[in-house]
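The values are calculated or read from the model by the stated rules, or taken from the named source; none is laboratory data. As the structure is a computational prediction, the values presented were derived from the model and not from experiment. With ideal geometry, Cβ positions are generated from the backbone for all residues, glycine too; neighbour counts draw on all protein chains shown.
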Amino acid sequence: MESVEVLDEAVHVRSLSKSALQFQYRRSNLGGLWILSATLRLKAAEKSFIMAQIDELLRYRARTQPLGTSNCGSVFKNPEGFAAAQLVEKAGFKGLRCGGAQVSERHANFILNTGGASAHDVRQLMQQIQDKVFEKFGVKLEPEIKLVGEW
């Protein structure tokens with residue numbers, strides 16, 4: 001990544017250079033900022049090689065994630081040494097509903113909108129999961145999705 005354009009809390013657009021960016025696995029130094037665009041430096045490769053990689057990634061995603069459903073992606077970050085989906089599943093949440101929100105049967109770190117789910121439904125289900133996982137395994141699940149507003 002060469003640079004990013006961000007929107008800050010004062011609703012100002014700023015450009016940050018590569019030297020100002022600190023990206024790690026699912027973490028960055030951009031707390032409170034919203035990325036609007038990015039400038040990338042890509043490596044050239046044969047089209048057939050790139051397409052084969054894309055096809056394999058899409059096949060893997062189709063096998064492991066609830067594609068074609070209304071969801072917000074991975075709900076919890078993977079805690080150090082654990083997979084969030086496995087903790088949620090072992091805590092007994094696969095398929096569990098709260099209003100119109102449901103933990104995916106395919107991948108337990110996805111919450112689906114089965115129709116008419118409210119933000120409150122999703123947040124309640126997330127809180128139940130966090131409480132039970134902490135109770136059973138002593139692990140605090142941290143949301144990966146960004147929550148906006150009061151609950």
Next on the checklist: I want to confirm something. Restricting to segment 58-81 and keeping residues that are in contact with a helix residue (DSSP H, G or I) (Cβ under 8 Å, 6 or more places away or on another chain) and under 22 Å from L147 (Cβ atoms), which single residue is surrounded by the fewest Cβ atoms within 10 Å (Cβ to Cβ)?
Outcome noted: C72
Next on the checklist: Among the residues in segment 90-102, are any modelled with pLDDT of 95 or more, assigned to a helix (DSSP H, G or I), assigned by TED's automatic domain parsing to the domain that holds E135 and not β-branched (V, I, T)?
Outcome noted: yes
Item to check | Top-ranked residue of segment 131-151 - restricted to ones that are in contact (Cβ under 8 Å) with a residue 24 or more places away in the chain and under 15 Å from K90 (Cβ atoms), ranked as surrounded by the fewest Cβ atoms within 10 Å (Cβ to Cβ) | outcome: K136
Checklist outcome for this item: Considering residues that are without any contact (Cβ under 8 Å) to a residue 12 or more places away in the chain and under 18 Å from A108 (Cβ atoms), the number found within segment 51-73 is 6
Checklist entry - Tally time: how many residues in segment 12-47 are within 24 Å of I145 (Cα to Cα), of a type in the set (S, T, N, Q) and modelled with pLDDT under 95? => result 4
Checklist entry - Here are some residues: G73, G68. Which one is small (G, A, S), outside any strand (DSSP E or B) and on the phi > 0 side of the Ramachandran plot? => result G68
Item to check | Filter result for the condition that a residue is modelled with pLDDT of 95 or more, β-branched (V, I, T), more than 21 Å from the chain's Cα centre (by Cα) and not assigned by TED's automatic domain parsing to the domain that holds F137, over I54, I50 | outcome: I50
